[in-house]
Structures are given as C-alpha cells and as structure tokens.
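Shown next, in structure tokens, is the structure this report addresses.
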Amino acid sequence: MNIILFGPPGAGKGTQASLIQAEYSIPHLSTGNIFRAAIKNETPLGIKVKGILDAGELVPDKTVVDIIAEELKDPKYDKGCIFDGFPRTVVQAQEFDAILATKGQKVDAFVVLVVSEDELIRRILSRGEGRSDDTVEMAKNRLKVYHNETEPVQNYYTTMGLAQEIDGIGSVEEIFDRIKDALSN
Ligand code: AMP
C-alpha cells in the first residue's frame with residue numbers, strides 16, 4: 001500500500017508516519033530526512049540543497065523526483081511505502097504516478113492532516129530539534145511556500161478521489177486512531 005501523508009510543516013507528518021510504519025510494516029520515506037542527512041554528511045546533494053532548506057524554499061522537482069525514482073528501486077518498497085513530505089508540487093505528483101506505474105503500483109491513500117496556521121507556527125517553533133529552518137521567519141516562509149506550491153497537490157488527489165482529511169489536533173494517539181480509520185475505508 002502506498003500512502004501519502006500530507007499536510008503543512010508542523011502538522012505532525014513525521015510522528016504519524018513512524019507510527020504507520022510500525023503498524024502496517026511498510027517503510028517510511030521522508031524527503032526532508034534524506035536532504036537533512038545529505039547536508040549533515042556534506043554530500044554533493046547536501047551542498048546543493050543546504051541553502052534551499054535554510055530558506056524554507058523547495059528543492060527543484062527534478063532533483064526530488066530523481067531521488068525518489070532511485071530510492072524506489074530498492075525491493076524493500078515492493079509492498080509499498082509511507083511518503084512524508086513528498087510530493088510537494090503537482091509536477092512531483094504527476095511524475096510520481098508515472099514512477100509507480102512502472103512498478104505496477106499506484107497511490108492507494110492520501111491522508112491530509114488539518115491543523116490551523118497559529119497552531120502550526122507554535123508547533124514548528126517549539127519543536128526544539130535545532131533544525132536550522134525552525135525560526136519564526138522561516139516557519140512563515142515555509143507555510144507560504146506550502147500554500148502556494150504544495151496545497152494544489154491536495155486538489156490533484158481530490159480529483160482522483162483519494163484525499164481524506166483528518167483533524168490534526170489532539171494527542172498523537174487520537175490522531176493515529178483517526179488515520180487508521182481513514183486507511184481502513
Ligand atoms: P520536511 O522535513 O518535509 O519539512 O522538509 C524540509 C525541507 O526539505 C523543505 O522545507 C524543503 O526545503 C525540502 N523538501 C523536502 N521534501 C521536498 C519535496 N518533496 N520537494 C521539494 N523540497 C522538499
């Protein structure tokens with residue numbers, strides 16, 4: 001099963017994706033984690049994307065899609081995956097469909113975590129992970145980028161009849177229960 005966990009920065013995608021991974025025994029793929037690891041290890045990819053992440057902007061579609069295409073060749077994804085932070089543009093979503101089609105797969109579920117803007121900023125700033133993109137200005141920019149470039153991805157999957165909105169306010173367990181309900185539909 002290929003599940004996209006969707007929502008703005010600070011919505012809790014990473015936390016919930018880890019729980020889904022454990023519950024459904026399918027791997028979790030976070031493009032943000034891939035980029036942060038590359039930056040930490042100072043790989044060519046990391047050097048290329050560091051400024052982009054620090055500014056809260058999006059990494060170019062081609063770079064992201066190439067990484068996903070390469071990663072999904074690993075047989076560990078044969079039974080599907082939970083995607084967190086990808087796709088973030090409609091172009092990425094379209095390319096993603098094409099990649100999955102070559103594997104005889106498709107997106108099976110698109111779950112949107114809905115959280116108000118004030119709560120998102122509060123969460124991003126209190127996350128305390130020391131991420132270099134976690135400042136007020138950057139948080140606001142990441143939300144702006146989300147509205148402009150990423151939100152249209154939800155319409156894309158709504159048109160395909162896949163989008164399910166989940167209330168993203170509550171305890172981690174409550175939200176996880178809602179996600180499990182949505183996935184069982
Ligand atoms: P995240 O951990 O998902 O919030 O991602 C952190 C940062 O990585 C984002 O603010 C972007 O700069 C970059 N990033 C992660 N995933 C993508 C993606 N699918 N497309 C473009 N940029 C991305």
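The values are calculated or read from the model by the stated rules, or taken from the named source; none is laboratory data. This is a predicted model, so every value here is computed, not measured. Here Cβ is always computed from backbone atoms with ideal geometry, including for glycine, and neighbour counts include all displayed protein chains. SASA here: full protein model, heavy atoms, side chains in, ligands and nucleic acids out. Shrake-Rupley method; radii C 1.70, N 1.55, O 1.52, S 1.80 Å.
A few comments on the model shown:
- Relative to the Cα centre, the charge distribution of the chain, modelled as +1 at Lys and Arg Cβ and -1 at Asp and Glu Cβ, gives a dipole magnitude of about 380 debye.
- With 0.36 nm allotted per residue and the present C-alpha distance subtracted, the residue 43-residue 98 stretch has 17.0 nm of extension available.
- Pairs of Cα atoms nearer than 8 Å and 6+ residues apart set the relative contact order; for the chain it is 34 percent.
- Charge tally for residue 163 (other residues, Cβ to Cβ under 13 Å; Lys, Arg +1; Asp, Glu -1): -3.
- Accessible area per residue was computed with a 1.4 Å probe on protein heavy atoms; residue 176 scores about 20 Å².
- Largest to smallest accessible area among 171, 25 [probe 1.4 Å]: 25, 171
- Under 13 Å, Cβ to Cβ, from residue 174 - net charge with Lys/Arg +1 and Asp/Glu -1: -2
- Farthest towards the positive end of the charge dipole of the chain, among the residues 114, 67, 170, is the Cα of 67, using unit charges on the Cβ of Lys, Arg, Asp and Glu.
- With every protein chain in place, segment 93-162: carbon and sulfur % of accessible area (1.4 Å): 51 percent
- Ligands, DNA and RNA aside, residue 77 has an accessible area near 10 Å² when probed at 1.4 Å.
- The calculated 222 nm mean residue ellipticity attributable to helices in the chain amounts to -16000 deg cm²/dmol, summing -39500 (n - 2.57) over DSSP H runs of n ≥ 4 and dividing by all residues.
- Measuring between alpha carbons in the structure, the pairs from 40/62; 48/144; 103/144 lying more than 28 angstrom apart are 103/144.
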